[in-house]
Amino acid sequence: MSASTEGNARAAGYTPHPYVGGRTAALRALAAWRMRWPGAPRVIVLTGNPGSGRSRLLTGFLMMCDPEYRKQLPIDDLDPATVPPDLPAPAVPSAAGRTAAQVLWLLADHFELAAGRTEDVFAELAARDEPVTIVVPDVDQAGPVRAAEEATRVVREVLTPLAATETVQLLADVPRELATELAGALPASQVQVIDLDAPEWADPKGLVLHAETALDAGSGAPELPYTTDPAARRALAEALAARAAGSRLTVQLAVQSLLMQPEGFDPADASQLPTSVGEALDLHARRLGADPQTLRLMLAPLAFAEGDGLPVQLLGTLANAVAGRDMSQDLADGMLLAAPFIQPVEPSSEDDEDGTGEDAEAGAGAGAGRTLLRLMHPALAEEIRSGLPDVRDTQTRIAMALLEEVPQQDWAQADPYIRDHLAAHTLEAGLLPQLLTDPGLFAHADPVTLRAAIEAVPLEQLGAPARTYLRTAPLLTRSQASATLRAAFLESAFVEDGLAPYAEALHTRGFRLPWRTLWSVPLAGVRAVTTGSVAATGEDGTAVSRSVAALLVPEGTPGSRTLPDAADGAVAPQDGTGAADGTATGEDAGAVNGDGAAAAGGRTALLLHDLRAPEYVDADPSLVMQPSEEDRAAAPLGFSRGADYLRVWARADRRMVAALVSDSPVTDADLSPDGVLVVATERGVTARQILVAAPPAAPSVPAQRTGTTDADASHGLEGDHS
């Protein structure tokens, strides 16, 4: 298969693909791959220069692979060798804006895998009886943060293992610098690289057709001599294609430029036809009597924009920052100048869904009625960025300008773009570690984006708060928590890591948190907990009653007192109920008594901790008094739990007042009658005072997965994949 097949296809009278308009050689190779034709490779790596038309080709091919969409295409008129068989649609996990983990778990969801770890995904795919077909587009756009270079992780952590899985038939759209690495991981007989800029895959006639169609007045172009006269249109299309060096993007930008502003354009003057994306920008500016550098400065904020696009309200602020001068008049006069290179974007439905209640009210003013703008193509952004003298300095000025736009440094009032993407700008500026000191930003920022930015910084450069955030981020993304619940989870994490001032700061940031974390101890091996009281000696020598958490721990734990064997009939708490809560049943009911010791196996001991203060209590554990059944039944709160989550609810109306998701399995839990929740996990024990007056919205509580590591737990935009 080679470019010569283009001419053969046309000679045979076949209709070009209505969306692709050519690329017969590449479409034939893809169709042979899809039907598993003898000799066809199992893996195809599609690559080419930015703007070469990879996305268009892949989209056109997938149109024919979708059983419903192909009904809308003139399949019978196309070259039969370019039409894939009518099979179920392949899995298409787009990498655009997603992390490597998100792409992988999209696949796991699609194939309904029971995998608990990343390596399990590949193992389950390898064990399938029938091969699976996977198409991964837009790898060059992977990741929520540009500077984090997520495309490399997608290739190394997802595509390479998929390609090595014999039951996987893979087609991936990969940037050239990674295509060789991916193809080199496989035997030559199993992989084929289709480089759309290589002579054997080039499609000069298709490029002419692309330009001719765009110029056709019958397709919506304005009526001009070179859009209505077929001969003139064909001549201009051929001239455009000849100058563009195979770049469909260059042709597209040139056509948009002259159709939006035809004055001053002479189709006979080849010097007015661009040879590159950069020339398309500069020629357009000169034809309109503008300075090309001014046009580039106007577009520069969009060249640095993250996510779906830049809010139009911020365009002027950032243009001033990039240019180092007032650009307001240039922007006011220059919309026609910039129009061929900009497209408006519908705000994502996820843009301001951080929370409910107070979160929604706080974000309403910042996110309501926003219009987003972005450049027509990522290659435009690269061209504009490459023309700046110092990208890092430009990002610094952008970051400082964005920071100044946060009202009173209150992240609840900040534009969603600023709170979600400021970290990405400061990452490329080399300033991210300095930003990671405000717990309010930690709570309000999108955790998928913020985590991706922080993970791109060497760990030794991060301060303690940032390391705590990084440890907690998988829990934040997994639970899909609102900003308020993210603040609550972070508040506990700061206490666990000995950063009490940061935890306290979250109580002053306007959040109505569901709890206040009283203390946390990194005590491994806690088998059960219960709350109660014990007689102790006060500082003045008098007898006092202290509320305590009694922790059942292995014998020999420092500070603990050994319990007699359960077989001896001795139990520690005097009432012997052993129930963590009046509503818990079965294995969910914690026991700190003889039965619990026997179930745990071996000799055990009790360790007493003050219920409300970060200190242990030296007292006889046999004197611990647990709340009676009547006390528990009369308490205003009850709770229930699963393997790694708990819910606290008001007994009066069954209203949930707190929902806790743990990043490690819950060993046991108890709730005191006055609302102190003590939770033991494999990591340690933490006590939280439930604040009943502030019921939060609950996070999604996932189905349970065993053996999951932190690295596997964050699946971000797709929610939990436990």
(request) Report the charge-dipole magnitude of the chain in Debye, nearest 20, computed about the Cα centre from +1 at each Lys and Arg Cβ and -1 at each Asp and Glu Cβ. (result) 1040
(request) Lys and Arg at +1, Asp and Glu at -1: add these up for the other residues within a Cβ distance under 15 Å of residue 197 and post the number. (result) -1
(request) Counting residues in the chain as N, plug N into 2.2 N^0.38 Å and put the Cα Rg over that result. (result) 1.17
(request) For an R0 of 30 angstrom, estimate the FRET efficiency from the Cβ-Cβ distance between residue 200 and residue 63 and round to the nearest 0.05. (result) 0.80
(message) With angles folded into 0 to 90 degrees, how steeply does helix 277-287 sit against the dominant principal axis of the chain? Use alpha carbons for both and round to 10.
(response) 60
(request) Rounded to whole Å and ordered largest first, report the semi-axes of the equivalent ellipsoid of segment 1-133 derived from its Cα gyration tensor (root of 5λ). (result) 30, 16, 14
(message) I need the calculated FRET efficiency for the pair residue 620 and residue 94, taking r as the beta carbon distance and R₀ as 41 Å, to the nearest 0.05.
(response) 0.05
(request) Calculate, in nm to one decimal, what residue 189 and residue 270 gain on full extension: separation in residues at 0.36 nm each, minus their alpha carbon distance. (result) 24.7 nm
(request) Taking 7 Å along the Cα-to-C-beta vector as the label spot, tell me the residue 346-residue 70 distance in nanometres, rounded to one decimal. (result) 2.8
(message) Modelling each spin label as a point 7 Å along the Cα-to-Cβ direction, I'd like the residue 40/residue 235 distance in nm, to one decimal.
(response) 4.4
(request) Return the ratio Rg/(2.2 N^0.38 Å) for segment 93-175, where Rg is computed over Cα atoms only. (result) 1.02
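Compare 555, 150 by solvent-accessible area with a 1.4 Å probe and give them largest first, with all protein chains kept in place.
Order by accessible area, largest first: 555, 150.
Rounded to the nearest 500, what is the 222 nm mean residue ellipticity of the chain from helices alone, with -39500 (n - 2.57) per DSSP H run of 4+ residues and division by all residues?
Value at 222 nm, helices only: -11000 deg cm²/dmol.
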(request) Working from Cα positions, state the angle (0 to 90°, nearest 10) between the long axis of helix 464-479 and the longest principal axis of the chain. (result) 80
(message) Keeping all protein chains in the complex and leaving out DNA, RNA and ligands, what accessible area do you get for residue 276 with a 1.4 Å probe, in Å² to the nearest 10?
(response) 50
(request) Work out the FRET efficiency for residue 117 and residue 180 from their Cβ-Cβ distance, taking R0 = 30 Å, and round it to the nearest 0.05. (result) 0.55
(request) Over the chain, with every protein chain in place, what whole percent of the accessible area is carbon and sulfur at 1.4 Å, could you tell me? (result) 51
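Report the net charge of residues surrounding residue 401, where surrounding means a beta-carbon distance below 14 angstrom and charges are Lys +1, Arg +1, Asp -1, Glu -1.
Numbers: positive: 325, 397; negative: 326, 393, 404, 405, 415.
Here the charged neighbours net out to -3.
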(message) Rounding to the nearest 10 and keeping the result within 0 to 90°, find how far the Cα-based axis of helix 54-65 lies from the longest principal axis of the chain.
(response) 80
(message) Solvent-accessible area of residue 162, probe 1.4 Å, all protein chains present, reported in Å² to the nearest ten, please.
(response) 0
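How long are the semi-axes of the equivalent ellipsoid of segment 127-279, defined as square roots of 5 times the Cα gyration tensor eigenvalues? Whole Å, largest first.
Result for segment 127-279: semi-axes of 40, 17, 14 Å.
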(request) Express in Å², to the nearest 10, the accessible area of residue 76 obtained by rolling a 1.4 Å probe over the protein heavy atoms while all chains stay in place. (result) 150
(request) Only Cα pairs under 8 Å and at least 6 apart count here; give the relative contact order of the chain as a rounded whole percent. (result) 10
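Thinking of segment 149-206 as a set of Cα atoms, what percent of all their pairs are more than 13 Å apart?
63
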(request) Work out how much length residue 543 to residue 386 would gain on full extension: take 0.36 nm times their residue separation and subtract the Cα-Cα distance, in nm to one decimal. (result) 49.0 nm
(request) Using only Cα positions of segment 82-122, each an equal point scatterer, no hydration layer, compute I(q)/I(0) via Debye at q = 0.18, 0.20, 0.35 Å⁻¹ and quote the log10 values to two decimals. (result) -0.59, -0.67, -1.23
(request) Towards the positive end of the charge dipole of the chain, with charges on Cβ (+1 Lys, Arg; -1 Asp, Glu), say which of 402, 513, 73 has the farthest Cα. (result) 73
(request) Can you grab the distance from the C-alpha centre of segment 406-461 to the C-alpha centre of segment 182-248, Å, no decimals? (result) 42
(request) Grab the Cα-Cα distance for residue 437 and residue 634, subtract it from 0.36 nm times how many residues apart they are, and report the gain in nm with one decimal. (result) 66.6 nm
(message) I want to check the label-to-label distance for residue 149 and residue 460. Put each point 7 Å from Cα in the C-beta direction and report it in nm to one decimal.
(response) 1.8
(message) Give me the 1.4 Å probe accessible area per residue for the chain, excluding ligands and nucleic acids, in Å².
(response) 40
(message) Bins of 5 Å, beginning at zero and ending with the bin holding the largest distance: percent of Cα pairs per bin for segment 399-480, please.
(response) 3, 16, 30, 27, 17, 7, 1
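The values are calculated or read from the model by the stated rules, or taken from the named source; none is laboratory data. Please read all numbers here as calculations on a predicted model, not as lab measurements. When we count neighbours, we look across all protein chains shown, and the Cβ atoms used for this are built from the backbone with ideal geometry, even at glycine. Please note that ligands, DNA and RNA were not included when accessible areas were found on the heavy atoms of the full protein model with its side chains. Shrake-Rupley method; radii C 1.70, N 1.55, O 1.52, S 1.80 Å.
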